[in-house]
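Each remark here refers to the structure printed beneath this line.
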Amino acid sequence: MRVAATLFASLVALTPTASPAGAAVVPTSSAARAQSSVAPVSIETLRTTGARTDVTVRGLRRAAQARWVDHVVDERLVSLDGCLSDPSDSTVHRGVYRTRVNTLCAGGVAQARRAAQALTARKPWYSVTVRSVPVVAFTLTTDLDQGRGDPVEAALARLPKGDFLYIEGDDVSMVYVGQSVTQAQVDAARAAFAGQLRIAVDRVSVSPIDFG
């Protein structure tokens, strides 16, 4: 990916809870404790389809040509209105340029296909293919103005990090797009996010991505 995110697998979420008078306190992680009492958000509402666009351009002889193709790809296939895009690093081997762009668009895969068709209509020597990729996409949001710890890294430690991956976030919210995600992983990520912030899980909302 041209913009790489460092993913840490550590999760800090152990906090004791107050107990009724005379009752024993059993230390458990706040994330696990809260998760057990909150109804999960169905993963079926988070399933959608992304687009994987592969670009090949042959006959390049100079590095400047590859940089220009990068520019064209960024302009025509990455910077699409209403899309989240993650371009891979481009490669050039024996004059053949290759790159891949993963996108999730408000207009669905059709939007990525239209962009590819428009590009090849203007530059027919570009070989561009678009494939549909089933993904799970969601946002985690809270009612906090300011967070603590690193809730994004805590949540990511519970989620798959495959070759179709988009991550964006701060200390009170997160956007995630990935493949092969299970209900249990979404629930664990939500609980871990809440655990880092030391808030109840029901204060972390899980919802489909809103492109506005």
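The values are calculated or read from the model by the stated rules, or taken from the named source; none is laboratory data. Keep in mind the model is a prediction, meaning the values are calculated, not measured. So basically every Cβ, Gly included, is an ideal-geometry build from the backbone, and we count neighbours across all protein chains shown. Remember, those area values only see protein heavy atoms, side chains included, never the ligands or the DNA or RNA. Shrake-Rupley method; radii C 1.70, N 1.55, O 1.52, S 1.80 Å.
Here are a few things to note about the model shown:
- On the stretch given as the stretch 89-103, residues that are touching a residue at least 60 places away in the same chain (Cβ under 8 Å) and either open to solvent by less than 20 Å² (accessible area, probe 1.4 Å) or more than 20 Å from the chain's Cα centre (by Cα) (or both) total 1.
- Some residue of the stretch 51-60 being out of contact with any strand residue (DSSP E or B) (no Cβ under 7 Å at 6 or more places or on another chain), at pLDDT 95 or above and in a loop (DSSP other than H, G, I, E, B): yes
- So SER79, is it within 21 Å of ILE167 (Cβ to Cβ), open to solvent by less than 30 Å² (accessible area, probe 1.4 Å) and among the small types (Gly, Ala, Ser): no
- Residues (more than 16 Å from THR56 (Cβ to Cβ) and open to solvent by 70 Å² or more (accessible area, probe 1.4 Å)) located in the stretch 123-142: PRO134
- Residue match in the stretch 143-153 (condition: of a type in the set (Lys, Arg), open to solvent by 20 Å² or more (accessible area, probe 1.4 Å) and at pLDDT below 95): yes
- Taking the conditions (1) in contact with a Cys (Cβ under 8 Å, 6 or more places away or on another chain); (2) small (Gly, Ala, Ser); (3) at pLDDT 95 or above in turn, GLY82 satisfies each one other than (3).
- Criterion (modelled with pLDDT of 95 or more and surrounded by fewer than 17 Cβ atoms within 10 Å (Cβ to Cβ)) met by exactly one of ALA32, ALA110, ALA9: ALA110
- Only one of the numbered conditions (1) open to solvent by less than 70 Å² (accessible area, probe 1.4 Å); (2) of a type outside the set (Val, Ile, Thr); (3) under 12 Å from VAL41 (Cα atoms) is not met by ASP202, and that is (1).
- Under the condition of being farther than 23 Å from ALA51 by Cα and either open to solvent by less than 50 Å² (accessible area, probe 1.4 Å) or not charged (D, E, K, R) (or both), the residues counted in the stretch 156-184 number 4.
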